[in-house]
Amino acid sequence: GIVVSDKRDKTCTVAVDYQQKHAKYGKYLHRQAKFQVHDPENLCGEGDRVEITGCRPISKTKSWRLVKVIEKAPAPLEHKEEATA
């Protein structure tokens, strides 16, 4: 999945996209599931691609844990401001 939020301590929100076939019409629909993932070392950043697995409930909404970071998100470009004097 893709990390969509890493604002909380030791927790990140991961969105997993999948396709589901419509029962009557047969058309494939794009769906998304969001999971609260336990990240004890705060390794994930927003936009990272990660692998998660189920575990025992850690809190009310957190029942998933981070296995590994597959791909880091590209760093945003920094704009250099030139001082004009």
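The values are calculated or read from the model by the stated rules, or taken from the named source; none is laboratory data. Fair warning: this is a prediction, and the values are worked out from it, not measured in the lab. Here the Cβ positions follow ideal geometry from the backbone for every residue, glycine too, while neighbour counts run over all protein chains shown. Areas reflect the complete protein model, heavy atoms only, side chains present, ligands, DNA and RNA absent. Shrake-Rupley method; radii C 1.70, N 1.55, O 1.52, S 1.80 Å.
Here are the numbers for the structure shown:
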item: Sole residue being touching a residue at least 40 places away in the same chain (Cβ under 8 Å) and at positive phi, chosen from G26, G47; result: G47
item: Members of region 31-58 found to be polar (S, T, N, Q), more than 9 Å from the chain's Cα centre (by Cα) and modelled with pLDDT of 95 or more, listed by number; result: Q32, T53
item: Candidate set from region 36-51 (those that are over 14 Å from K10 (Cα atoms) and part of a strand (DSSP E or B)); member that is least open to solvent (accessible area, probe 1.4 Å); result: V50
item: Residue ID - nearest to R65 (Cα to Cα), chosen from residues in region 4-18 that are in contact (Cβ under 8 Å) with a residue 12 or more places away in the chain and either open to solvent by 100 Å² or more (accessible area, probe 1.4 Å) or not in a strand (DSSP E or B) (or both); result: K10
item: K21 open to solvent by 100 Å² or more (accessible area, probe 1.4 Å) and under 17 Å from the mean Cα position of the chain (by Cα); result: no
